[in-house]
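Down below is the structure, laid out as structure tokens.
The values are calculated or read from the model by the stated rules, or taken from the named source; none is laboratory data. This structure is a prediction, so every number in the text was calculated from the model and none was measured. Glycine also receives a Cβ, built like all others from the backbone with ideal geometry; neighbour counts cover every protein chain displayed. Keep in mind that these areas ignore ligands, DNA and RNA; they rest on the heavy atoms of the full protein, side chains included. Shrake-Rupley method; radii C 1.70, N 1.55, O 1.52, S 1.80 Å.
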Amino acid sequence: MRKVAATPEKMVEKDGTIHFGTFRTPFRNLNILDAPLYSSSRKVPAFWKKFRLKEWQHFGIITSTHYFGMVIFDAKFMGVSFFYAYDRMANKRFEHGAQLPGRSSLVAAQVYDDHCEFKKKGYLLRFENRLDKGFHKIIIDIDGKKDLPDVKGEITVFEDLGSIEPLVQVSPVTLFRPFYTHKMAAPAEGTIKLGAEEIKLDRKQDIALLDEQKTYYPYSSFWKWSTAAGYNEYGELLAFNLCQNMITNDEDYNENCMWVNGKIYCLKTARFKFEEKNVLRPWEIKTTDGYLDLLFTPSGERAEKINAGFLVSDFHQPFGMYNGRFKDDNNRIYPLANLFGLAEHHVTRY
């Protein structure tokens with residue numbers, strides 16, 4: 001399994017050296033804009049670095065009856081946000097989405113004492129990151145429209161670094177272009193109202209998945225992604241994150257991991273087998289080290305296609321149930337039975 005190192009004071013040194021690897025905690029000084037981008041000898045204008053950087057923060061909330069997914073995304077040429085609710089019992093989903101031109105999405109520079117916000121008339125999504133105090137707060141205030149209900153909510157996500165080991169990964173798109181992500185699974189509590197329906201979250205059984213990312217994506221890129229979480233019969237919180245993307249050396253640099261009650265196990269390469277033209281068929285997902293072996297059975301998907309000249313996005317995010325098994329480094333086998341989660345197949349050009 002990959003080793004986890006102590007987190008450096010900052011991601012990029014004064015001479016442009018980037019700290020690649022897997023780290024114990026998120027960076028306090030996430031100075032990704034200091035990355036050289038093309039070469040150590042070529043001077044790149046600051047405005048171009050800012051424009052090429054893609055950054056977002058995403059939360060997924062898993063309850064026994066619902067899944068809630070939400071994002072604040074700054075693509076620089078536009079700001080994007082969505083909130084969607086999936087009723088697991090009725091197998092029904094609805095979504096609110098919003099877009100604004102330019103840098104209209106505010107994405108936190110770091111997660112210790114900063115926030116993300118997307119705001120326009122009738123739509124507010126805000127993530128208050130207070131990692132120094134062991135939590136994140138999600139605030140949702142979205143007006144209803146047409147046949148979509150209004151959504152109001154406040155959720156606290158308990159990312160306590162004393163008990164939860166997050167995934168903090170810096171991988172090389174190139175030697176001068178970093179891929180940064182911070183992911184974790186943690187208890188959540190609070191309330192979400194979908195119109196007249198109120199869903200209360202209990203931190204003893206409901207789970208939040210965090211996906212924070214800041215990356216200098218190449219113009220054309222792709223990823224296949226998989227995540228899920230749930231409690232087993234012994235009350236242990238089990239969760240995983242797997243990804244296959246444009247990182248060429250993904251044996252040593254990847255975001256593949258398993259969590260057991262907050263303890264992280266870093267894994268080798270993940271490989272995905274599924275029907276690209278029918279993502280609602282079952283997926284087979286494995287890591288090359290043999291530690292994690294999964295079968296994913298989708299029950300629905302969120303999908304979006306954009307073809308606007310320089311901007312192309314073919315996005316599929318099926319959701320459903322995972323079954324399989326995980327073997328830890330002491331050879332203990334953890335059955336993974338009916339964990340709710342997501343997968344993604346995304347091809348982009350931006």
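Surface analysis of segment 187-332 yields an accessible area of 44 Å² per residue, using protein heavy atoms and a 1.4 Å probe.
Given +1 at the Cβ of Lys and Arg, -1 at the Cβ of Asp and Glu and no other charges, the dipole of segment 63-121 around its Cα centre is 300 debye to the nearest 20. Normalised per residue, the accessible area of segment 57-111 is 33 Å², obtained with a 1.4 Å probe and no contribution from ligands, DNA or RNA.
If you take the square roots of the eigenvalues of the alpha-carbon gyration tensor of segment 91-205 and sort them as a ≥ b ≥ c, do you get rounded (a/c under 1.5), prolate (a/b over b/c) or oblate? Because a/c hits 1.5 or more and a/b fails to exceed b/c, segment 91-205 counts as oblate.
Of all lysines in the structure, the ones whose alpha carbon falls short of 18 Å from that of residue 263, not counting any fewer than 8 places away in one chain, are 3, 183, 204, 327.
Computed with a 1.4 Å probe over protein heavy atoms only, the accessible surface of segment 124-165 comes to 47 Å² per residue. Considering only 107, 191, 41, and ranking their Cα positions along the charge dipole of the chain that arises from unit charges at the beta-carbon of Lys, Arg, Asp and Glu, the one farthest toward the positive end is 41.
Dipole orientation for the chain: of the candidates 136, 318, 180, 180 has the Cα lying most toward the positive pole (charges on Cβ; Lys, Arg +1; Asp, Glu -1).
Which shape class applies to segment 77-147: rounded if a/c is under 1.5, otherwise prolate when a/b exceeds b/c and oblate if not, where a ≥ b ≥ c are the square roots of the Cα gyration tensor eigenvalues? Oblate shape, in that a/c is at least 1.5 and b/c is the bigger or equal ratio.
Give the calculated FRET efficiency between residue 113 and residue 346 to the nearest 0.05, with a Förster radius of 25 Å applied to their Cβ-Cβ distance. So, using R0 = 25 Å, E works out to roughly 0.20. For the chain, a crude dipole built from +1 on the beta carbon of Lys and Arg and -1 on the beta carbon of Asp and Glu, taken about the Cα centre, is about 920 debye to the nearest 20. Relative to one another, the C-alpha centroids of segment 240-270 and segment 273-350 are positioned 14 Å apart. For segment 1-125, the dipole from Cβ point charges (+1 on Lys and Arg, -1 on Asp and Glu) about the Cα centre works out to 320 debye, to the nearest 20. Set the Förster distance to 30 Å, then compute FRET efficiency between residue 273 and residue 236 from the Cβ-Cβ distance, nearest 0.05. That gives a FRET efficiency of 0.60.
Here the chain has 50 percent of its accessible surface on carbon and sulfur atoms, given a 1.4 Å probe and all protein chains in place. Computed extension length for residue 299-residue 100: 68.5 nm, one decimal, from 0.36 nm per residue of separation with the Cα-Cα distance subtracted. State whether the chain is rounded, prolate or oblate according to the following rule on the C-alpha gyration tensor (a ≥ b ≥ c being the square roots of its eigenvalues): a/c under 1.5 gives rounded; otherwise a/b larger than b/c gives prolate, and the remaining case gives oblate. Here the chain falls in the rounded category. Normalising the average separation of contacting C-alpha pairs (under 8 angstrom, six or more residues apart) by the number of residues puts the relative contact order of the chain at 12 percent.
Size estimate for segment 136-275 follows the Kirkwood approach: the inverse of mean 1/r over distinct Cα pairs works out to 17.1 Å.
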